[in-house]
Amino acid sequence: MTLYILCFILFLVGVYGVLTRRNLIKIVISLTIMEFSVFLMLVLVGYISGGLAPIVVHPEGSDISVVDPLPQTLVLTAAVIAVATNSMVLALAIRLYKKYGTFDIRKINELKG
Amino acid sequence: MEGMSIIVKKIVQLISALIFVFGMYSAIHGHINPGGGFAGGVLLSGAFILLIIAYGLDYFKLKQQTEATSIFESLSILIALLIAFSGLFAGSLYFFNNYFPAGTPGSLISGGLIPIYNVLIGVKVAATLSTIFFALIIYKEEIRR
Amino acid sequence: MENLLIIILVLMIIAALAAIHAKDLISAVIAQGFVGYGLVICFFLLKAPELALVQIVLETVTLIIILAVIYDSSMKEIGEPIGKRDIVTYSLSFVLVALFLYYFNKAIVGLNPFGEHTLRMSEMYVKEVLELTGSANLVKGVLWDFRGLDTLGEATVLFTAAMSVLVILRISGKKHQLTKK
């Protein structure tokens, strides 16, 4: 249970960063940290103590316990998506930087219009 | 962004070739080893990114490269979709029908259609990440001029 | 094993706080890299070598992309004069964090404790992947056979993200280039 709570604290650090930072790049970094904690949470839930990695080396001895492969599958696809969507947010950020000359969201909000 | 010195260029030539070969190995052996299409694709795009950082922008005609990568991206996923559809006509009626023989687990030719899908998704991931990186670098360069 | 994971996680939390409070953006990016590579070690310890391999490469690519974005901007964190608005923001975020933590504590009562997971849905996957698909890597068997549609949706999201990056970053259209020639 300690591990789950620590993992969720990592998520909360990301939430705190998104809410309080004013720099767009810092917001992207906080989003990345939130994604990391979600990945770690999924893999933590699927772990079985004493289990092996989900790659079958000897097909005959099938009663060896194996770690749950389903969360690992979900995280595998989500990790690649996370990088692509993060770079989309970064593209928006540099577009805004070119127009307003700053990464500060509060100043962008004032200059708008 | 101009290129780096001759030492960096030569070392990067050797290293990026090794990274490229490891990426292809990882994508082809995805069904028996850890790795697979996602890791292989990211490694392939990493080899290209390393080359571009070392050689600078003027060495490569990046605009044509971007068009080529977006064509590869669309094409690979189209082929994967067609293979998945072809399962409808072979045997039982469902999508993603793995109609090839399974083979002996652990050998290179096994797992039915899974190695083919692995290679295709590797090409797709490599093309996507390269497209994103090229777009960012071209934008930065156009701003500076 | 569990103690080692706890140590790595505490270090990751400290690095995340350092990334958020860093004075310039380069050190923020490096601290974020610390969090990412700590995640790689956690994946190795949790018997997920595939994820570790993917994450260690993706983290490097992410660092390169963020550095390419910020390398000719000012790279300084915006100074923070504590005003009325900042006090409201900080207190609101602390309240939100406390609420989240309270409800998370209530929510994980139903979960099994760490290391005693029971296979529910994936029991069928673990038993039958070898006979049905012949793939020795169970993750790849689930990814491309039982859950192929999921992966197809993932490919769609990747395609959409790449296309939107191209659309956002295009300065001059094709028509403009033609007339210039």
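Assorted remarks:
- Relative contact order (percent, whole number), the stretch C:25-88, Cα cutoff 8 Å, 6+ residue spacing: 40 percent
- For the stretch B:19-69, alpha-carbon Rg relative to the globular expectation (2.2 N^0.38 Å, N residues): 1.33
- Tail beyond 26 Å, pair distance distribution of the protein assembly as shown (Cα, percent): 60 percent
- The lysines whose alpha-carbon is closer than 26 Å to the alpha-carbon of C:Lys23, local same-chain residues fewer than 8 away aside, are A:Lys26, A:Lys98, A:Lys99, A:Lys107, B:Lys140, C:Lys76, C:Lys84.
- For the stretch C:1-82, the fraction of C-alpha pairs farther apart than 18 angstrom is 51 percent.
- Computed log10 I(q)/I(0) for the stretch B:1-134 at 0.12, 0.15 Å⁻¹: -0.56, -0.78, from the Debye equation with unit scatterers placed on every C-alpha and solvent omitted.
- Here's how it looks for B:Gly56: its modeled amide H is under 5 Å from those of B:Met4, which are all 5 or more places away or on a different chain.
- Phi angles of the stretch C:38-52 translate, via the Karplus equation with coefficients 6.51, -1.76, 1.60 and θ = phi - 60°, into HN-Hα couplings of x, 4, 4, 5, 4, 5, 4, 5, 8, 6, 10, x, 4, 5, 5 Hz per residue; Gly and Pro are given as x.
- In order along the stretch B:63-71, the phi-based Karplus estimate (6.51 cos²θ - 1.76 cosθ + 1.60, θ = phi - 60°) of 3J(HN,Hα) comes to 5, 5, 4, 5, 4, 4, 5, 6, 5 Hz; Gly and Pro are listed as x.
- Derived scalar couplings ³J(HN,Hα) [the stretch C:130-137; Karplus, 6.51 cos²θ - 1.76 cosθ + 1.60; whole Hz; x for Gly, Pro]: 5, 6, 7, 10, x, 9, 6, 8
- Two-site FRET efficiency, C:Glu123 against A:Lys107, from Cβ-Cβ distance with R₀ of 56 Å, rounded to 0.05: 0.50
- Modelled spin labels at A:Leu96 and A:Ala78, positioned 7 Å past Cα toward Cβ, are 2.5 nm from each other.
- A convex hull fitted around the alpha carbon atoms of chain A yields 104 Å³ per residue.
- Neighbour-limited loop hits for chymotrypsin sites (Phe, Trp or Tyr not before Pro), the stretch B:61-100 (at most 16 other Cβ within 10 Å; DSSP other than H, G, I, E, B): B:Phe89, B:Tyr94, B:Phe95, B:Tyr99
- With K and R counted +1 and D and E -1, the other residues having a Cβ less than 15 Å from that of B:Leu136 yield a net charge of +3.
- Estimated [θ] at 222 nm from DSSP helical runs (n ≥ 4, -39500 (n - 2.57)) normalised by residues in the protein assembly as shown, nearest 500: -24000 deg cm²/dmol
- Rounded tilt (10° steps) of B:114-144 against the dominant C-alpha axis of chain B: 20 degrees
- Amide H contacts under 5 Å for A:Asp68, placed H, 5+ residues apart: A:Ile48
- DSSP-assigned coil residues among trypsin sites (Lys or Arg not before Pro) in the stretch C:32-125, each with at most 10 further Cβ atoms within 10 Å: C:Arg120
- Sequence-separation-based contact order of the stretch B:37-103, relative, with Cα cut under 8 Å and 6+ spacing, percent: 14 percent
- Counted by Cβ distance under 13 Å from A:Phe39, the other residues give a net charge of -3, where Lys and Arg count +1 and Asp and Glu count -1.
- When the P(r) of chain C is calculated, the portion above 22 Å amounts to 71% of the C-alpha pairs.
- Net charge contributed by nearby residues that have their C-beta within less than 11 Å of B:Gly3 (K/R +1, D/E -1): -1
- Distance from the alpha carbon centroid of the stretch C:117-139 to that of the stretch A:11-86 works out to 20 angstrom.
Bear in mind these aren't lab numbers, they're just calculated from the coordinates by the rules spelled out. This structure is a prediction, so every number in the text was calculated from the model and none was measured. For neighbour counting, all protein chains shown are included, and Cβ atoms are generated from backbone atoms with ideal geometry for every residue, glycine included.
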